[in-house]
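To keep things clear, I will list the structure first and then write my remarks on it.
Throughout, read-outs are computed from the coordinates displayed, never taken from laboratory work. Computed from a predicted model, the values in this text were never measured in an experiment. Backbone-built Cβ (ideal geometry, glycine too); neighbour counts: all protein chains shown.
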């Protein structure tokens, strides 16, 4: 089951507006992809006026290339608040 972990930086001053946009984006993704779990986390500390956020996506069938592309497309809504590129990492369970 392939999962996505996507992290980036947001200016602390923009966090309220960015959070609202991210929540709307993730709800739209959940509504459009049955079974999708979408979470938003952040590092607890602020550094140089910036927060690091992480989106986590899981799906019972795994996150395939088509779903990953849909997530990337939806994330364009966050562009006004991004202070770094979105770094996408994919992980699978260790069990073979």
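Could you line up 92, 63 from fewest to most neighbouring Cβ atoms inside 10 Å?
Going from least to most buried by this count: 92, 63.
Give me the one-decimal Kirkwood hydrodynamic radius in Å for region 3-91, with the sum taken over alpha-carbon pairs.
Details: mean 1/r = 0.0757 Å⁻¹.
Here the Kirkwood hydrodynamic radius works out to 13.2 Å.
Which residue, 60, 80, 44, has the most motion in a Gaussian network model of the chain that connects Cα atoms within less than 10 Å?
Answer for the Gaussian network model of the chain: 44.
Let me have the 222 nm mean residue ellipticity of the chain computed from DSSP H runs of 4+ only, each contributing -39500 (n - 2.57), with the sum over all residues rounded to the nearest 500. Before the final figure, lay out each step's value.
Details: 2 runs with 28 residues, N = 96.
-9500 deg cm²/dmol, from helical runs alone.
What distance in nm lies between label points placed 7 Å from Cα along the C-beta direction at residue 88 and residue 68?
Once both label points are built, they end up 0.6 nm from each other.
Angle between the Cα long axis of helix 65-74 and the longest principal axis of the chain, 0 to 90 degrees, nearest 10?
The angle comes out at about 20 degrees.
So what's the angle, to the nearest 10 degrees on a 0 to 90 scale, between helix 15-32 and the longest Cα principal axis of the chain?
Computed tilt is about 20 degrees.
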